[in-house]
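*Asks:* The structure's right below; bear with me while I get my questions together.
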Amino acid sequence: MLPEEDLKIIKKELGREPTLVEQGCFLNMWSEHCSYRSSAHLLKTFTTTGENVLIGPGDDAAIIKFDDEYVLAIGMESHNHPSYVDPYNGAATGVGGIVRDIISMGARPIALMDPLYFGPLDTPKNLFLFEQIIKGIAGYGNCIGVPVINGETFFDRRYSGNPLVNVVAVGLCKEEEVMTARSQKAGNQLVLAGSGTGKDGLGGASFASRDLSESAEADDRPSVQVGDPYTEKLVMEMTLEAIRKGYVKSCKDLGAAGLGGASSELAVKGGLGARIIADAVPQREPNMNAYEILLAESQERMLFEVAPEDVDAILALVQKYDLNGAVIGYLTEEPTYTVEFKGEIVADIPIGFLTGGAPTCASLVEAPTRREEGKKPETPEDLKAVFLKVLSSYNIASKEWIYRQYDHEVQLRTVVKPGEDSGVLRITDTKGIALSCGCQPRATLLDPYTGGKTAIIENAMNLAVKGAEGLAIVNCLNFGNPERPEIYWQFKNAVLGLGDEARRFSIPVVGGNVSLYNESDEFKTAIPPTPSIGMIGKVDLETPLPSSFFANTGDSIILVGETTPEMGGSEYYACMGSENAGKVPAVPENSPDVIKAIIETVKSGKLSSAHDLSLGGIGAGLAKMCRNLGGKVDLSEAAGETQAEEFLFSEAPARALLATPEPEAVQELLKGVPHAVIGKVGGETLEIKGKNFEVSLSLNEIAEAYGSLTRFMMG
């Protein structure tokens, strides 16, 4: 089962042939998904510390200080390959897994976000994947009572055969309630609690670390976990009660590599070893062998380190919640990982070698041969028709069909619902958090370094228009096969771009995961590089938050930031069939200043509306703000001689639209960053003119175009 080179290293270290169970442990623990063998050295380039970071990368989730009383747990994971093979269960268990990461830190989950990436909906297969993945997320999140507060949905033909399901989870607890996955003391017992262990998800970690084959749906279905959100809810309440009562010394959820992964990682983090009694594990299928018991990734299970005197109390608590529970091993002074099954030793491995001995394999880095640059589209004769085409693109259109399936108000913390730039939750009477997620895959494909930087700016701006400054970043780094030099070049440069821009904004990268080998044999494609991130910020709720939509007739409309004519990677070029044309807009040097100025302007309370500009540029941004009111906009001075389509649909980063009844006061606050008053709110049409163009759209025409995805899915 093992790669030949890995087997040689293992045999040399052990001085013998590894047993079947040992091979399975190494196959999963040394997979890219668990060991980051080709990515760890790049991840170390991120700045992961800061004044508010209490626990950074390395645990199940990061812990960020919110105020003197509360801390936030935040994590991000992917469940990409399982969501292609079995979209409902793959997506559902992606939610379940990241939620348990939050619970294992002692925090109650309070929010989810879901950046999702699909092939176009013009084939039955892609449509099926889309519908089932959304249903899986909704079905699981709604049942466990955690609101999906924000997300991103992006369509591109290169995701056919390999959709991406990324999930961000956020939790809340008091600092003294924080739990870790670091073992404490030899002799303490290991208690496994939750659902019974079955054969589902067997080898899931190794499955996630290889390309999807054409026969993946049939061959790899046993590698996909099956979720039960009702059991997850019980596991959540039981775990949090056990932690609050002091029964738990350390805790880890069972995810990648199952019990083998959780028990070995928990033990080694405290410098200890572990002895596992595999046949003591509660099983839901007859005649399971040690390999299956140890490595199945059955869901809704938690592993606790418990002092001997507390074992009876925690097992009684597990029984109270009608869950399975048993002592399945103990921690040892000797740094070995030993597995016993029916009285025989089936694995005996140096634990540090198992969890940290995977050989690194940084691939060759080779920039792709210069791409054949596509031809830029001609200036359109019918600007209005093109405008409506861009606005009705599924990447820009309303995602209401998706988020209305989610319960986004459960727990009664929601201040800003999905559909705006960022979701906002209340934490205390006066303070809250804003959450944003996503990236720009097409721009990253053309220029990975700039694409990585743009992902940071885009999410920081989504927070800024709600008055929030970024506290922390988590990521899902989704790429193709890293053994291909051009893919590794994409990966390296996107990571460096993310890290450099995060440092410019002084926002630490506190966790996440790497998902490689996202390629499809079926379609002979690799996904576009997709460095998806989640960003969280702190919001002052004493000042009214501006809407993402025009609110008051007579408000002045202000454009903030500099618009450049580069259109590479834009939705406009994609709509016009020119995906490979042009250069990606450069990242402005003053982007941190622009975002800081917008944050201060929002905090002044002088804005009624504020909206980030991203996909579709100024044109799409203005149209999306016209939910109830139109506006008259004159771009003659701002656009100058720039072609109409280049100014309207440029996706230059670090820009926003603001609306205010006090334009002079707002302009004073924006002094020092590029800005211009470009129009007034009011009426039932959006009228935009420049020196060489003019276009007028009624609110009904805008609503029809913007509702294209919802109408398609409802039809």
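The values are calculated or read from the model by the stated rules, or taken from the named source; none is laboratory data. Worth saying up front: this structure is predicted, and the values here are computed from it rather than measured. All Cβ positions, glycine included, derive from the backbone under ideal geometry; neighbour counts span all protein chains shown. What goes into the accessible areas is simple: the full protein's heavy atoms, side chains included, and nothing from ligands, DNA or RNA. Shrake-Rupley method; radii C 1.70, N 1.55, O 1.52, S 1.80 Å.
*Asks:* Output the number of the condition that V666 fails; it satisfies all remaining conditions of (1) aliphatic (A, V, I, L, M); (2) over 24 Å from S570 (Cβ atoms); (3) open to solvent by 10 Å² or more (accessible area, probe 1.4 Å).
*Replies:* (3)
*Asks:* Note down all Cβ pairs under 6 Å where the first residue falls in segment 697-715 and is more than 18 Å from Y403 (Cα to Cα) and in contact (Cβ under 8 Å) with a residue 40 or more places away in the chain, the second is among the aliphatic types (A, V, I, L, M) and surrounded by 17 or more Cβ atoms within 10 Å (Cβ to Cβ), and they're at least six residues apart or on different chains.
*Replies:* Final answer for the pair search is L697/L686; I702/A623; A705/L388; A705/L391.
*Asks:* Something else about it: Please state which of the following conditions P565 fails to meet, knowing it meets all the rest: (1) surrounded by fewer than 18 Cβ atoms within 10 Å (Cβ to Cβ); (2) under 24 Å from A460 (Cβ atoms); (3) modelled with pLDDT of 95 or more.
*Replies:* Failing condition for P565: (3).
*Asks:* Okay, next question. Can you confirm whether A494 is crowded, with 22+ Cβ neighbours inside 10 Å and in contact with a Ser or Thr (Cβ under 7 Å, 6 or more places away or on another chain)?
*Replies:* yes
*Asks:* In the set L446, L425, L412, L435, which member is surrounded by fewer than 17 Cβ atoms within 10 Å (Cβ to Cβ) and of a type outside the set (D, E, K, R)?
*Replies:* Sole residue among the options that is surrounded by fewer than 17 Cβ atoms within 10 Å (Cβ to Cβ) and of a type outside the set (D, E, K, R): L412.
*Asks:* I need a count of the residues in segment 568-597 that are open to solvent by less than 50 Å² (accessible area, probe 1.4 Å) and outside any loop (DSSP other than H, G, I, E, B).
*Replies:* Residues that pass the stated criteria total 10.
*Asks:* Before we move on, is A455 within 30 Å of E645 (Cβ to Cβ) and surrounded by 18 or more Cβ atoms within 10 Å (Cβ to Cβ)?
*Replies:* Here the answer is yes, as A455 does meet what is asked.
*Asks:* Within segment 1-40, how many residues turn out to be over 30 Å from G171 (Cβ atoms), open to solvent by 20 Å² or more (accessible area, probe 1.4 Å) and not in a loop (DSSP other than H, G, I, E, B)?
*Replies:* Matching residues across segment 1-40 total 12.
*Asks:* Can you tell me which residues in segment 509-533 are part of a strand (DSSP E or B) and within 20 Å of A40 (Cα to Cα)?
*Replies:* Across segment 509-533, the qualifying residues are V509, V510, G511, G512, N513, V514, S515, T530, P531, S532, I533.
*Asks:* Scan (1) at pLDDT 95 or above; (2) open to solvent by 30 Å² or more (accessible area, probe 1.4 Å); (3) of a type outside the set (A, V, I, L, M, F, W, C); (4) over 18 Å from I533 (Cβ atoms) for the single condition K417 breaks and write down its number.
*Replies:* Status for K417: all satisfied but (1).
*Asks:* Separate question: Quick one: count up the residues across segment 408-424 that are closer than 15 Å to G151 by Cβ and not acidic (D, E).
*Replies:* Summing the residues that are closer than 15 Å to G151 by Cβ and not acidic (D, E) in segment 408-424 gives 9.
*Asks:* Kindly provide the set of residues from segment 434-458 that are among the polar types (S, T, N, Q) and more than 16 Å from C476 (Cα to Cα), ordered by number.
*Replies:* T450
*Asks:* Take E501 and tell me if it is among the acidic types (D, E) and either surrounded by fewer than 23 Cβ atoms within 10 Å (Cβ to Cβ) or in contact with a Leu (Cβ under 7 Å, 6 or more places away or on another chain) (or both).
*Replies:* no
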